[in-house]
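The values are calculated or read from the model by the stated rules, or taken from the named source; none is laboratory data. If you're wondering where the values come from, they're calculated on a predicted model, not measured in any experiment. Every residue, glycine among them, receives a Cβ derived from its backbone with ideal geometry; neighbour counts consider all protein chains shown. In case anyone asks, the SASA skips ligands and DNA or RNA and just uses the protein heavy atoms, side chains included. Shrake-Rupley method; radii C 1.70, N 1.55, O 1.52, S 1.80 Å.
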Amino acid sequence: MLNKPVLAESLIVFVIVLFVHAVVWDRYSWCAVALAIQAFYVQFKWDRLLQLGGAVFQFRTAANSGLLPASMVIPLLGIAMKERCKSAGIVYFERFGIVVASTGMLVALFLSVIAVGITKPVPTNTCILTGVAGSIIIYTMKHSLTVSEVIEVLEVLLIFVYLSMILLYLLPRCFTPGEALLVLGGISFVLSQLIKRSLNVIEGRGDPIDFFLLVAVVGVVLLGLFFTVLFIFMDSGTWISSMFFHMMTAVLGLGVIMPWLYRLIQRNPLFWLLQFLFQTQTRVYLLVYWTFLAASACGVVFYQNAKRSSESKKHQASTITRKYFHFIVVATYVPGLIYDRQLLYVAAVLCLAVFIFLEYIRYFRIKPFGQTLRHLLSLFLDERDSGPLILTHIYLLLGMSLPVWLFPRSCAPKGTLSGAGALVPYSGVLAVGVGDTIASVFGSTMGEIKWPGTKKTFEGTVTAIFAQIIAVALILIFDSSVNLNSSYAWILASVSLVSLLEAYTTQIDNLLLPLYLQIMFMA
């Protein structure tokens with residue numbers, strides 16, 4: 001029997017795909033529609049494999065495979081970016097958008113082929129659909145990409161294959177297939193871009209903050225892989241191992257990552273970063289304000305843990321308590337978006353690196369803080385943290401930051417896009433900071449009418465839509481760079497569709513919702 005919430009989620013994704021391609025219809029639209037149809041069918045094969053335990057790796061069990069919603073994110077982002085940059089006359093980034101879309105389609109198709117290949121008996125109809133979709137995509141790529149672009153797409157696919165085999169083996173139950181597609185596909189693309197730019201360094205070309213993001217992401221991932229392999233052969237919880245961890249972190253940071261960044265930006269990375277952070281008085285005020293908010297977040301963690309100690313060792317943080325952090329993140333990002341987006345961009349990269357590094361310390365039980373972090377963060381675990389890693393806070397940061405990092409600055413000469421595109425950097429704030437938070441709080445406290453097959457409520461979803469519309473009105477008041485040009489109906493439709501997706505998806509909503517809202521705004 002078909003799962004009704006999965007069908008509803010799939011229907012919402014199909015509507016978003018059709019909405020986007022109603023505005024942007026070209027040869028890639030046929031590829032996207034074909035990919036969506038075959039992903040819909042293959043998704044049920046993945047779900048069956050997960051239920052029967054027939055998947056090659058151990059995936060997160062409290063959710064469906066999520067293949068369809070995840071498969072469409074990267075292709076739609078690439079297509080929307082291509083159209084925005086084409087209208088701005090920026091050929092380089094128009095071609096880059098085509099490469100992004102082609103890469104997303106090929107990686108999603110590969111994951112579908114894996115599911116079809118390990119399903120017994122072989123699903124004939126699904127095989128035919130996958131073959132037809134693959135033929136359409138490969139035919140379009142053949143007539144759209146240059147030889148160098150084809151090599152770039154295949155390079156990302158190769159990295160994705162090897163990265164998936166390594167990380168899905170080392171990190172069981174941390175991802176669903178869809179989440180693995182998004183996270184590992186994104187890391188693979190970042191690594192490919194870093195290799196490409198490192199081999200083609202031209203002095204004065206490229207924005208240092210873009211290089212900073214690429215090096216930081218690849219650096220922390222390689223650091224994690226190195227220590228994971230190392231601690232297979234030694235106990236990570238001893239003082240000797242902990243000292244070795246800190247020493248090797250310093251060696252790899254100062255001996256590999258810093259010289260790599262120096263080669264790309266052609267200046268001392270530390271001096272550049274300090275100069276960048278304290279360049280203006282506004283940045284100093286923002287940094288002081290963000291430090292206060294970070295201290296407040298730490299205070300919430302310590303207070304809740306003290307409350308657990310005094311009440312019961314089984315005490316877990318409530319939904320409303322966990323949403324405190326959403327409010328703090330909104331208070332962090334909104335001033336940055338209004339006053340200094342470049343500073344917010346760099347600060348978010350630094351925060352991501354710190355979060356991942358602290359997770360390494362917790363996971364490997366590195367002294368002196370590893371065990372303490374395990375105790376403090378265990379209070380905020382939910383069903384999505386079923387693997388060895390705690391990723392929900394990192395997903396929250398990514399969901400807020402990805403619209404800022406992926407904003408096509410080069411295709412927006414005045415620093416902002418026109419119409420609904422002006423709200424692209426605010427996608428994380430609206431979808432996660434406002435919509436998801438309000439839906440959870442009001443749904444859990446006052447909601448009575450549940451959406452069929454889910455725990456989410458009708459009242460929570462409707463309240464989330466109204467809250468996001470009010471937030472858009474406040475953005476118009478306080479951010480003078482935002483000019484919507486009468487695109488209010490599109491904004492309402494975008495917010496409503498993404499709120500409905502939040503009600504039905506079992507994937508990590510902190511990661512998925514901002515990306516879909518960004519796609520709708522960019523289209």
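Counted residue by residue at 0.36 nm each, then reduced by the alpha carbon distance between them, the extension gain from residue 7 to residue 248 reaches 81.9 nm.
Please compute the length gained on full extension between residue 195 and residue 266, using 0.36 nm multiplied by the number of residues separating them and subtracting their Cα-Cα distance.
23.9 nm
Label region 161-310 by shape, choosing from rounded, prolate and oblate, from the square roots a ≥ b ≥ c of the eigenvalues of the Cα gyration tensor; if a/c is under 1.5 it is rounded, and otherwise prolate applies when a/b is larger than b/c, oblate when it is not. Oblate, since a/c reaches 1.5 and b/c is not below a/b. With θ taken as phi - 60° and the Karplus curve 6.51 cos²θ - 1.76 cosθ + 1.60 applied, the whole-hertz 3J(HN,Hα) list for region 514-523 is x, 5, 5, 5, 4, 4, 5, 5, 5, 6 Hz, x standing for glycine and proline.
You can think of it this way: the chain between residue 383 and residue 138 has 84.3 nm of extra reach, that is 0.36 nm per residue less the Cα-Cα gap. The heavy atoms of residue 140 present about 20 square angstrom of accessible area, all protein chains included, probe 1.4 Å. With the simple model of a label 7 Å out from the Cα in the direction of the Cβ, residue 234 to residue 110 spans 3.4 nm.
Exposure check, 1.4 Å probe, all protein chains in place: residue 303 carries approximately 140 Å² of accessible surface. In region 25-68 the Cα-Cα distances spread across 10 Å bins starting at 0 as 28, 40, 22, 11, 0 percent of all pairs. Across all C-alpha atoms in region 380-462, the radius of gyration and Dmax reach 16.5, 48 Å.
If you model the chain as an ellipsoid using its alpha carbon gyration tensor, with each semi-axis the square root of five times an eigenvalue, the axes come out at 31, 28, 27 Å, biggest first.
Rounded to the nearest 500, the 222 nm mean residue ellipticity of the chain from helices alone is -24500 deg cm²/dmol, with -39,500 (n - 2.57) taken per DSSP H run of at least 4 residues. Here, region 398-523 has an Rg and a Dmax of 14.4, 48 Å when only alpha carbons are counted. Summing charges over neighbours of residue 5, with a neighbour being any other residue whose Cβ is under 14 Å away from its Cβ, gives 0 when K and R count +1 and D and E count -1. Summary of packing: across the peptides 257-266, 81-90, 62-71, the per-residue average of other C-beta atoms within 10 Å ranks them, highest first, as 62-71, 81-90, 257-266. Expressed as a whole percent, the accessible surface of the chain that belongs to carbon and sulfur atoms is 69, based on a 1.4 Å probe. The heavy atoms of residue 488 present about 130 square angstrom of accessible area, all protein chains included, probe 1.4 Å. Using only alpha carbons, region 5-114 has a radius of gyration to Kirkwood radius ratio (Rg to Rh) of 1.04.
Sequentially through region 225-238, phi angles give Karplus couplings (6.51, -1.76, 1.60; θ = phi - 60°) of 4, 4, 6, 4, 5, 4, 7, 5, 9, 8, 6, 7, x, 8 Hz, Gly and Pro residues having no value and appearing as x. Accessible surface ranking for 326, 143, 246, 1.4 angstrom probe, highest first: 143, 246, 326. Residues in region 390-397 carry Karplus couplings, in order, of 9, 10, 4, 5, 6, 5, 4, 4 Hz; the curve used is 6.51 cos²θ - 1.76 cosθ + 1.60 with θ = phi - 60°, and Gly or Pro positions show x. How many angstrom lie between the Cα centre of region 451-477 and the Cα centre of region 57-123? Cα centroid of region 451-477 versus Cα centroid of region 57-123: 28 Å apart. In this structure, the amide hydrogen of residue 457, modeled 1.01 Å from its nitrogen in the peptide plane, lies closer than 5 angstrom to those of 451, counting only residues at least 5 positions away or on a different chain. Report note on the peptides 432-444, 380-392: ranked by the mean count of other C-beta atoms within 10 Å, highest first, their order is 432-444, 380-392. Using the Cβ-Cβ distance between residue 486 and residue 458 with R0 = 35 Å, the FRET efficiency computed as 1/(1 + (r/R0)^6) comes to roughly 0.75.
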